[in-house]
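A short write-up of the structure that comes next.
The values are calculated or read from the model by the stated rules, or taken from the named source; none is laboratory data. The structure presented is a predicted model; accordingly, all values stated were derived computationally and were not measured. Note that we place each Cβ from the backbone using ideal geometry, even for glycine, and neighbour counts take in every protein chain shown.
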Amino acid sequence: MTARLVQSLEIAPDTRHFVFEIQERDDFDYQPGQFVSLLHEIDGKSITRAYSLAGLPDGNRVELCLNLVDDGKLSPHLFAMQPGDSIDLKGPYGTFVFREPRPTVMVATGTGVAPFRGMLSRRLPQDETHPYTLIFGVREEAKLLYRNDFERLARTHPNFRFLPTLTRPSESWTGRTGRVQSHLFELLGDRREVDVYICGLKAMVDDVRAKLKELGFERKQIIFEKYD
């Protein structure tokens with residue numbers, strides 16, 4: 001399929017929110033949490049990269065969030081695109097989607113928070129009973145992607161908590177600090193009737209998964225998506 005760029009908006013240093021329209025479709029349906037692949041030929045080689053969908057289905061539009069990687073193969077091209085430019089797209093793919101409503105804790109770092117934006121926007125109006133908590137870790141406050149969206153969801157849905165944490169906080173920061181792992185295990189305590197969704201860099205995801213297994217969590221309770 002052909003995806004035409006509608007908007008490219010900087011939402012944090014070297015991070016942008018992209019909106020594309022699928023030219024061959026009037027509707028592009030997917031489950032929040034899934035991803036698409038973008039394809040482009042660079043220096044005679046076909047480059048494919050997967051990106052989580054960062055919103056809800058909206059006609060033929062898709063929303064993506066990604067960082068600029070200076071020595072990356074595809075992200076510099078995407079950041080140089082102008083509205084009206086096009087790129088090839090495949091999908092949707094993936095099984096990183098909410099399962100049955102249960103007490104849920106989500107752990108994200110960096111752009112790994114992107115799929116939770118759509119997932120929570122869909123689930124929270126449908127389930128006002130079970131608690132949902134998002135622990136989101138970044139270095140600096142300026143990198144708290146979609147902060148306003150998550151804070152709005154927390155205000156309008158009493159069963160949702162948004163817990164951002166910084167590893168390089170400024171002196172004015174009064175919130176949580178440190179890595180997401182420490183806050184996750186403090187939050188869980190002795191609770192085991194919880195589903196844990198994890199999304200972010202491979203090292204973080206693997207570390208959290210290993211520790212959850214040590215604590216006795218079953219494999220079906222640990223749902224994850226990771227990237228390099």
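Quick notes
- Residue selected from the stretch 13-54 under the condition without any contact (Cβ under 8 Å) to a residue 40 or more places away in the chain and of a type in the set (Gly, Ala, Ser), by the criterion surrounded by the fewest Cβ atoms within 10 Å (Cβ to Cβ): Gly44
- Some residue of the stretch 65-79 being on the phi > 0 side of the Ramachandran plot and either touching a Ser or Thr at 6+ places or on another chain (Cβ under 9 Å) or not assigned by TED's automatic domain parsing to the domain that holds Leu120 (or both): no
- Elements of type helices (runs of 4 or more DSSP H) contained in the stretch 55-158, each with 2 or more residues being touching a residue at least 40 places away in the same chain (Cβ under 8 Å), crowded, with 17+ Cβ neighbours inside 10 Å and hydrophobic (A, V, I, L, M, F, W, C): 75-80, 114-123
- Only one of the listed residues (Val205, Val194) is under 14 Å from the mean Cα position of the chain (by Cα) and either of a type outside the set (A, V, I, L, M) or within 27 Å of Gly94 (Cα to Cα) (or both). That residue is Val205.
- Criterion violated by Thr48 - all others in (1) over 22 Å from Gly84 (Cβ atoms); (2) in a strand (DSSP E or B); (3) in contact with a Pro (Cβ under 8 Å, 6 or more places away or on another chain); (4) of a type in the set (Ser, Thr, Tyr) satisfied: (3)
- The listed residue being at negative phi, at pLDDT 95 or above and touching a helix residue (DSSP H, G or I) at 6+ places or on another chain (Cβ under 6 Å), out of Pro32, Pro103: Pro32
- Restricting attention to the stretch 180-212, the residues that are surrounded by 13 or more Cβ atoms within 10 Å (Cβ to Cβ) and either acidic (Asp, Glu) or within 26 Å of Phe35 (Cα to Cα) (or both) add up to 18.
- Restricting attention to the stretch 204-225, the residues being over 10 Å from Gly112 (Cβ atoms), assigned to a helix (DSSP H, G or I) and in contact with a strand residue (DSSP E or B) (Cβ under 9 Å, 6 or more places away or on another chain) number 7.
- Note on the stretch 160-176: residues that are surrounded by 15 or more Cβ atoms within 10 Å (Cβ to Cβ) and free of Cβ contacts under 8 Å to residues at least 40 places away in the same chain amount to 8.
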